[in-house]
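Encoded as C-alpha cells, the structure appears first; notes follow it.
The values are calculated or read from the model by the stated rules, or taken from the named source; none is laboratory data. Values in this document were obtained by computation on a predicted structure and should not be read as measured data. Positions of Cβ are generated from backbone atoms using ideal geometry, with glycine treated the same way; all protein chains shown enter the neighbour counts. Just so you know, the surface numbers come from the protein's heavy atoms only, side chains and all, with ligands and any DNA or RNA stripped out. Shrake-Rupley method; radii C 1.70, N 1.55, O 1.52, S 1.80 Å.
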Amino acid sequence: MKKHNYSAGPSILPQEVFEKSAQAILDFNNSGLSILEISHRSKDFVAVMDEARALALELLGLEGKGYKALFLGGGASLEFLMVPYNLMKENGKAAYLDSGTWATAAIKEAKFFGETVIVASSKEDNYTYVPKDYEIPADADYFHCTSNNTIFGTQMKSFPKTNVPLVCDMSSDIFSRVIDFSQFDIIYAGAQKNMGPAGTTLVVVKEEILGKNGRAIPSMLDYAKHIKADSMYNTPPVFPVYASLLTMKWIKEKGGVAAVEKLNNAKAELLYNEIDRNPLFKGAAVVEDRSNMNVTFLLTNPEHTETFDKMWKEAGISGLPGHRSVGGYRASIYNAMPIESVQVLVDVMQALEKNV
C-alpha cells in the first residue's frame, strides 16, 4: 500500500530524489564510488557543492545581491548560537519574536551573548497565533523571527519593516512560497522538512553585515570563515547536501518557488476547507495565521479518536499525530506532498463523518 507521509521532519521528499539518491549511493556519476565514500575535495563533489549553493540563491532570487549560501552541520539549532555570535556586539542587544517552541530555543541561546529583548509573544495562548503590532528597538543589533511554526501550525504572512538586520529561521517553509527574500540579512533552514534529509542546514548570509560586532568568534562558528572556504571549512555533510541539491533541482523543474507555492496553496485550501466544513473537526491555530505547511487540527469529540486513528492508518497515512504541546493531529504538507495524498486524508475525514 502507498504510504502518505505527514511526518513533520524528517519528512517526505520527491520520489525522484529518493531514486537518484539511492543510485548515487551505489554509484555516483559513474565513478564506481558511492556518494557516501567519495572525497569532499573530489572534483565531482566540489561541483555538487558549488551548484547547490548557486541554485539556493537562484531559487530565492538573491543572485548577484551580495549574499552567500552555505551548507553547514549542526541543524537549525546550531544557528540559534551562530547568529548572536556573529551579529550581537559586546554589551549589545538583540530583538526576538517569540512565536513558538523553536523561537523560544533561539532566545535561550541569544541570552548567553547579551541583552535579548522579546518584542512580543503568543506563549500565553499556547502559540495559537503570530504576534503582530510590536516595536523593534532601533538600537538592536538584529531582529530574529521564525517564519513557520512547525509544532503549532502558524505562519508569518508578512514581515516587519525595520532598519536593523533581519534574521529568519525558515526551517519548515523554505522554498514553499514567494517572498522578497532580499529583506532578510540571514536566512537559515534545517534541510529535513522541505529540502533534504537531516544532516545539513542551509544558511544564506548577506556578506556586508559580517565582521562588525567586535567579537572573537571560534572558527567553526564564524560565517565569514565558512564563506571564505566555499562552505568547505571542514568536511561537509556530503550526502545531505547532494540530496538537497536534487530537491532544489526538482523545484526548479517544477517551475520554481512560484509554481510550488501554487500547489501548496491548493493543498492547504483543500484540507482547511474540510476542517472548517466538517463538524467533527476544528483547527488549532487562529485562521489568519494558519500555516500552509503544518496543518494542526483536533476532533471536536475526543471519543472519536480511536475510530479516526484506525481509519487513517488503514488508509496508509503515517505521521499524523500532533505534537504533545498541541495534541490532536498535525498534517505536514510540505512541498513534496502530492495533493492526491491530501485528498486521501480528506476522504477519511468525510468517511468518519458518515460513520458516526
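Can you find a residue in the stretch 234-251 that is at pLDDT 95 or above, more than 23 Å from the chain's Cα centre (by Cα) and not polar (S, T, N, Q)?
no
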Only one of (1) in contact with a Leu (Cβ under 6 Å, 6 or more places away or on another chain); (2) not in a loop (DSSP other than H, G, I, E, B) does not apply to Ala336, and that is (2)
Of all residues in the stretch 183-201, which are in a loop (DSSP other than H, G, I, E, B) and closer than 15 Å to Met82 by Cα?
Asp185, Thr200
So how many residues does the stretch 138-189 have that are out of contact with any helix residue (DSSP H, G or I) (no Cβ under 9 Å at 6 or more places or on another chain), surrounded by fewer than 19 Cβ atoms within 10 Å (Cβ to Cβ) and either within 17 Å of Ser99 (Cα to Cα) or among the aliphatic types (A, V, I, L, M) (or both)?
3
I need the full set of residues from the stretch 291-311 which are within 17 Å of Met337 (Cα to Cα) and open to solvent by less than 10 Å² (accessible area, probe 1.4 Å), in order please.
Ser291, Met293, Asn294, Val295, Thr296
Would you say Leu245 is open to solvent by less than 30 Å² (accessible area, probe 1.4 Å) and in the same structural domain as Ser122 (by TED's automatic domain parsing)?
yes
Every residue in the stretch 202-221 that is out of contact with any Lys or Arg (no Cβ under 9 Å at 6 or more places or on another chain) and either charged (D, E, K, R) or assigned to a loop (DSSP other than H, G, I, E, B) (or both), please.
Glu208, Leu210, Gly211, Ala216, Pro218
When you go through Phe143, Phe175 one by one, which is the residue that is within 28 Å of Gly196 (Cα to Cα) and over 13 Å from the mean Cα position of the chain (by Cα)?
Phe143
Inspect all residues belonging to the stretch 42-59 and state whether any of them is touching a helix residue (DSSP H, G or I) at 6+ places or on another chain (Cβ under 8 Å) and not in a helix (DSSP H, G or I).
no
